[in-house]
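Worksheet: the structure to be examined is printed underneath.
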Amino acid sequence: MIIATGFKPMSKDHFKEYSPQSPDVITSMEFERILSSTGPTGGELKRPSDGTKPKNIAMISCVGSRDERHHSYCSKVCCMYMLKHARILKEKYPYINLYLFFIDVRTAGKDFEEFYVYTKGLGAKIIRGGRVSSVDEKPNGKLRVRGFDVDLGSPVELEADLVVLATAIEPPDGVDELGRQFSATCGREGFLREVHTKLFPVETSAKGVLIAGCVQGPKDIPESIAQSRAAAASAASLIIPGKIKFEAIVSEVDKDKCSSCGVCVPLCPYNAIKLETYKDKEKAKIEAALCAGCGVCASACPSRAITFHGFTTEQILEQISALVEA
Amino acid sequence: MAEWEPRIIVIACHWCTYQGADLAGSLRYSYPPSIHIVRVPCSGRVEPEFITEAIKSGADGVFVGGCHFGDCHYRSGNYNTIKRFNLLKRALVDLGLEDERVKLEWISGSEGKKFAEEMTVFDAKIRELGPNPIKGGANV
Ligand code: FES
C-alpha cells in the first residue's frame, strides 16, 4: 500500500495583508497555468483583471512558509520555481520588470545555484530582506508592494501590475484521517511520517504502508520520483518473497491465563488483538504478523497472561534488581 | 561508614531516551555514574510494578524516559505511560514517598544534551532528598 496524495498549495485568502481580493494577486500555481500554453490564456501573459499585458511583476516568496503564524517549515521548492518563472518571463519578455522578493534565496542542489546566477543575469531583480509587509490596491488598478531591501538597507516600495505569491506547500485535506485509517502517523505539520529519516524514508509506522512524495513533506519533482521508486521497490520486496518475516519481539497471550477482560484490545495501536473463542470463552489473541512489539498490552494485562518475548516482566524486573543491588 | 551514593534506575524507551543516552555518550556529555539504564521498547512497556519493584529493592530514584507526544514509535504508547505514571505517582506519594523520587520525562533521540542535563538534575535532586526511605522495607 503506497500513499502518495501529493500536496495542496496554500490559498491566498489567508493573507489579508496581500490583498487577496484583487484578481491581480495570484498564487504561483495560477501563474504557472497562465504561463502554460495549455492554460486558460493559451500561454499568453495577461492580467486576470483586464487582460492587459503586465509590465511590472512582483513575486513574493515564503508566503505562509517559514512564518510562525502559518507554517514553520520551508516549502523547499518555491525559491527554485520562482526563479524558473522569472527565467521563462525574462527570456520571452525581456522588457518586463521583474521583482523577486525573498527572505533569502535557497538554491541548494545540483545546478541550482547556476540557475540562480543565470536568471539574475537576465535582469530579474532580486530583493532580499525579510517579508513583504503589504500589497495594496491603488485607485489606478495597480498594486503597491512594500518591502525591505537589506542590500540597500532601506524600505522599498514599487508599483506592480501583477503580484505572484509563492504560497506554502500544505498536506492535502484529510491526510490525517487517511493516515489514521492505515495506522500511519502524522507529524506536527500534518505530513505523514516516515519511520526513520535516514534509514527508512518511505516506510511508515504501519507495516506494509509506504509513503512517497509530498504527503511526507515538501519536496521537488526529482525527489518525489526517487521516493516513489523507492516506495515501489520496498513494496515489491515485501510481496515478491511470498512470505512475511516478522520480528521475534512480539507479544503472545497465554489463553489459559487470560481472564477475557479485553483491556488489551483497544490499547493495541495496530489492532493486532482480537477476542476469539477458546474453550467456550472469549480470549484475547494477538496476530503476530500485525504486532509491532511495543509491549503496551503486556504492561496492561491484569492477569499477566501476555508474554512480551524479549522483554518479559521477569527479565526486566531481574535487570532492575540486578542494577539496584550491584 | 562509606559515603552514601545514590542509585538511580532509568527506564528508557529504545527509540528515544535510550538513543538520547547514546547520543549523550557520543557527544561526550557526561552524566552522573549513579544512573543505571534499563532499556524497554517503548515507555508504554513500563509496568507500574517496574517502578515499585525498583523502589522496593532500594533504588533511590526512578526515571522513566519516553518519546515526545506524537513521536512514539508505536503511535500511542507514551499516552498510556503518562496515565499509568500519574496514577502510580499519586499512590506512591500517598504511601509517603517524596514526589520527586520518581520522574517521567520525554527525551528524544536527538536530545543527547537534554538527557545529560536531566540526569544531572535528577541526580542532584535525589542527593538532596537522601537515601530511599523505604529501602527493603514497606511492602509497596
Ligand atoms: S516508542 Fe518511545 S515512548 Fe513509545
**Study point:** Relative contact order (%) - chain A, alpha-carbon pairs under 8 angstrom, separation at least six
**Key:** 16 percent
Point to revise | Normalised contact order of chain B, rounded percent, pairs of Cα under 8 Å and 6 or more residues apart | key: 38 percent
Practice item. Taking all protein chains together and a probe of 1.4 Å, list A:Leu199, A:Leu210 from the most accessible to the least accessible. Key: A:Leu199, A:Leu210
Review point. Just the C-alpha atoms of the protein assembly as shown: what Rg/Rh do they give, with Rh taken as the Kirkwood radius?
Key: 1.11
Check your understanding: Rounded to a whole number, what % of the accessible area of the range B:8-129 do carbon and sulfur atoms account for, probe 1.4 Å?
Key -> 52 percent
Practice item. Would you look at the GNM of chain A, springs on alpha carbons closer than 10 Å, and say which of A:Ala226, A:Ala212, A:Ala300 moves the most? Key: A:Ala300
Practice item. Obtain the nm distance between the two label points defined at A:Arg146 and A:Ile221 by a simple spin-label model: each point lies 7 Å from its Cα along the Cα-to-C-beta direction. Key: 3.9 nm
Review point. Ignoring ligands, DNA and RNA, what percent of the 1.4 Å accessible area of chain A is carbon and sulfur?
Key: 55 percent
Review point. B:Trp15 accessible area, nearest 10 Å², 1.4 Å probe?
Key: 100 Å²
Revision key, fill the gap. P(r) over all Cα-Cα pairs of the range A:51-126, 5 Å bins from 0 to the longest distance, whole percent per bin, short to long, reads 3, 16, 26, 22, 16, 11, 5, 1
Review point. Which sequence of A:Ser72, A:Ser11 reflects their accessible areas, 1.4 Å probe, from the largest down?
Key: A:Ser72, A:Ser11
**Study point:** For the range A:122-148 versus the range A:192-261, the gap between their alpha-carbon centres in whole angstrom
**Key:** 46 Å
**Study point:** the range B:8-129 - Rg over Rh from alpha carbon coordinates, Kirkwood radius
**Key:** 0.95
Exercise for review: Please work out how much accessible surface B:His68 shows to a 1.4 Å probe, ignoring ligands, DNA and RNA, in Å² rounded to 10.
Suggested key: 50 Å²
Study note, to complete from the structure: tail above 16 Å in the computed P(r) of the range A:241-326, as % of all Cα-Cα pairs, reads 54 percent
Practice item. Provide the percentage of antiparallel DSSP beta bridges, counting only those with both residues in chain A; round to the nearest 5. Key: 55 percent
Revision key, fill the gap. With a Förster distance of 30 angstrom and the Cβ-Cβ distance between B:Leu87 and B:Glu5, calculated FRET efficiency to the nearest 0.05 equals 0.45
Revision key, fill the gap. Counting only DSSP loop positions in the range A:221-278, the GluC sites (Glu not before Pro) whose Cβ has at most 15 other Cβ atoms within 10 Å are A:Glu247
Point to revise | Approximate spin-label separation B:His68-B:Arg127, in nm, with each point projected 7 Å along Cα-to-Cβ | key: 3.0 nm
Practice item. Could you work out which residue, out of A:Val163, A:Val253, A:Val195, moves most in a Gaussian network model of chain A, that is, has the largest mean-square fluctuation with Cα springs under 10 Å? Key: A:Val253
Revision key, fill the gap. Across A:Gly293, A:Gly310, A:Gly179, the residue with the highest GNM fluctuation in chain A (Cα network, 10 Å cutoff) is A:Gly310
Point to revise | Share of pairwise Cα separations in the range A:2-170, more than 22 Å, in percent | key: 41 percent
Review point. Where does the range A:167-326 land on the Kirkwood hydrodynamic radius, alpha-carbon pairs, in angstrom?
Key: 18.2 Å
Check your understanding: Over the Cα atoms of the range A:175-239, what is the Rg over Rh ratio if Rh follows Kirkwood?
Key -> 0.94
Study note, to complete from the structure: Applying a 4.7 angstrom Cβ cut-off across chain A, unpaired cysteine residues come out as A:Cys62, A:Cys74, A:Cys78, A:Cys79, A:Cys186, A:Cys214, A:Cys258, A:Cys261, A:Cys268, A:Cys291, A:Cys301
**Study point:** Dipole magnitude (debye, nearest 20) for the protein assembly as shown, charges at Cβ of Lys, Arg, Asp, Glu
**Key:** 1000 debye
**Study point:** Cross-link table A:Lys198/A:Lys245; A:Lys55/A:Lys84; A:Lys219/B:Lys83; A:Lys245/A:Lys283; A:Lys110/A:Lys207; A:Lys198/A:Lys243, entries beyond 29 Å C-alpha to C-alpha
**Key:** A:Lys219/B:Lys83; A:Lys110/A:Lys207
Review point. With every protein chain present, what accessible area does A:Val202 have (1.4 Å probe, heavy atoms only), rounded to the nearest 10 Å²?
Key: 0 Å²
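The values are calculated or read from the model by the stated rules, or taken from the named source; none is laboratory data. Here the structure is a predicted model, which is why all the values come from computation and not from measurement. Quick reminder, even Gly has a Cβ in these numbers, built from the backbone with ideal geometry, and neighbours come from all protein chains shown. These accessible areas exclude ligands, DNA and RNA; they are computed on the full protein's heavy atoms, side chains included. Shrake-Rupley method; radii C 1.70, N 1.55, O 1.52, S 1.80 Å.
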